[in-house]
Every structure is written in C-alpha cells, then in structure tokens.
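The values are calculated or read from the model by the stated rules, or taken from the named source; none is laboratory data. Bear in mind that the values here come from a model prediction, so they are computed numbers and not experimental data. Cβ sites come from the backbone with ideal geometry, for glycine too, and all protein chains shown count toward neighbours. With ligands, DNA and RNA removed, areas are computed over all heavy atoms of the protein, side chains included. Shrake-Rupley method; radii C 1.70, N 1.55, O 1.52, S 1.80 Å.
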Amino acid sequence: MENALLIGLSRQMVLERQMDVVANNVANVNTNGFKADNSLFQEYLKTGAHEDNFVGKDRAVSYVLDSGTFKDLKQGPLEQTKNPLDVAIDGGGFLVVQTAAGERYTRDGGLQINNQGQLVTAAGDTVLGSSGPIVFQPTDHDVSIAADGNISVLEGVNRIDSVRGKLRLVSFADAQRLLKQGNNLYSAGTGTAAQPDTASKVKQGFVEKSNVNSVMEMSRMIEVTRAYTQIATLLQQQSDLHKSAIEKLADVPA
C-alpha cells in the first residue's frame, strides 16, 4: 500500500478517537463539575516502503499520532441552587468521597442526605469529612456550611448550635495525572497523592457547572466530520487511480 494511503488511514484512526473525546464532552455539557478533555497530537516519522538498492535515502513519512488526552481544569461557572446541601468549590480543590473501590475525588457538589443520615453525592457515594463520614441527626435543621467547609446545624426544638463535621478538601501537585473513573469521579494516578487544600473555598447553595463550551465542541465535531470525509474521498480517489493504472497496464496491445 502506498504511503498516501497509510498516512490517510492513520489520520482517520486519530479522527475517530478525537470524535469519541468530543462526543463525551458534548454528552456532559450539563454534568455538574465536569472537566472537558482535549486530544494531544504529535508527528510520527517513519520511513516508507523502500528498496535497499537505491542510491539516495527515502524521506521519512509523517504520520499522525494521538498521544493521549489532557483535561481542561479551569473552573466552570457557578449556579445558585439555594439548596443548603449544595456546595461549589472556588479553587482547585476536590471533595473526597468513599466508594466501593476506595477513595475517589469529585467536583460535583450536588449533595444530599441518605436514609442513614449521611451526606452523600447524587450517586450515593459517601462524602468524607476530616474525621470520616458526615452524619446528621433526625432533629437537625438549618444546615450551614462555612467557606472553610465546617458544617453546623441547629439541633432540636431548643435550636442548639452543633457541629457535624468539616468537608475534606484536597488538591494535587499535578492534577493532570488524575484518572477519570466514570460517574464524575477521579482517582489518583501513579505518583500522585492527595494533599489537604486550605486555599480553596466552599460556597453553600451553589454548584459548579460543566466547563464544556458547547458551541466550541459542536464546531469541533463538525470539523472532525468534514476532515474524516475529505480523507475518505482522497483515499477513494487513490484507489480509483490504482485500479485505472492496473487496467491500463494489463491492456496489452494485440
């Protein structure tokens, strides 16, 4: 197969994976705390098909290689919900939650109380405080969450001011190493450890929305589709050219 066909095929493979990334971003445009992904590309040089008996060396052929993705970690817009259990993190911190697979991290602050009185995420994962799970009493009301994550309530008919815990906020020296685990959760990658975050602030009654720019992602989806179609047309033209050349070469004059 000629180099033009190989290069076109490599580009199509990359475009297919890029479409998966863009489609996932679009699907999560309304997911609280979601961070968009972007594809990384680099040039991959390799010699083409060649014979060793040529005097001059063949030029290296430039292929397309998608070396991975990186996360857009900029903060998404904050939306006021007026739900006293909702929290948005102003800064680079993450909430810590307990899952069946261990501790995970999230920016989704849409919280609620389960039937055991524990503070949990919308998916039911237990939100961890500095001393473990945060548990409320049946008589608690008027929940107040301070900027540093301290949670206090008024308890009972006597309206006693009680502390129920403090949200555990963590950050990472290199947050790009975090691994997406699905369900809007992250796990620490190799060589990455969670550190207590005292710089980030908590805003009660708000949630952080997705930082996906829907208009930009839709435009990118159109660009990827057009590029894939153009390359498919080019490969078809190359195939037709080969077919025509073979037919003419096989047409031996009588």
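Looking across segment 181-225, the residues that are out of contact with any Ser or Thr (no Cβ under 6 Å at 6 or more places or on another chain), open to solvent by 70 Å² or more (accessible area, probe 1.4 Å), outside any loop (DSSP other than H, G, I, E, B) and in contact (Cβ under 8 Å) with a residue 40 or more places away in the chain come down to K201, K203, M218.
Scan segment 149-163 for residues that are open to solvent by 50 Å² or more (accessible area, probe 1.4 Å) and modelled with pLDDT of 95 or more and the total you get is 1.
If you go through segment 123-150 and keep only what is without any contact (Cβ under 8 Å) to a residue 24 or more places away in the chain and touching a Gly at 6+ places or on another chain (Cβ under 6 Å), you end up with just T139. Annotation: of all residues in segment 87-99 being touching a residue at least 60 places away in the same chain (Cβ under 8 Å) and touching a Leu at 6+ places or on another chain (Cβ under 6 Å), the one that is farthest from L111 (Cα to Cα) is G93. For segment 229-254, residues that are touching a residue at least 12 places away in the same chain (Cβ under 8 Å) and either open to solvent by 90 Å² or more (accessible area, probe 1.4 Å) or closer than 30 Å to G129 by Cβ (or both) total 0. The set of residues from segment 100-118 being farther than 11 Å from F136 by Cβ and either crowded, with 17+ Cβ neighbours inside 10 Å or of a type in the set (A, V, I, L, M) (or both) comprises A100, A101, R104, Y105, T106, R107, D108, G109, G110, L111.
With respect to the conditions (1) of a type outside the set (D, E, K, R); (2) farther than 30 Å from G8 by Cβ; (3) in contact (Cβ under 8 Å) with a residue 60 or more places away in the chain; (4) in a strand (DSSP E or B), F70 lacks only one, and its number is (2). Filtered by the rule that a residue be surrounded by fewer than 17 Cβ atoms within 10 Å (Cβ to Cβ) and outside any loop (DSSP other than H, G, I, E, B), segment 119-143 gives G132, P133, V135, H141, D142. Out of Y228, Y186, one residue alone is out of contact with any His (no Cβ under 9 Å at 6 or more places or on another chain), modelled with pLDDT of 95 or more and aromatic (F, W, Y). It is Y186. Taking segment 24-43 as the range and being more than 9 Å from the chain's Cα centre (by Cα) and either part of a strand (DSSP E or B) or loosely packed, with under 13 Cβ neighbours inside 10 Å (or both) as the test, the residues that pass are A27, N30, S39, L40, F41, Q42, E43.
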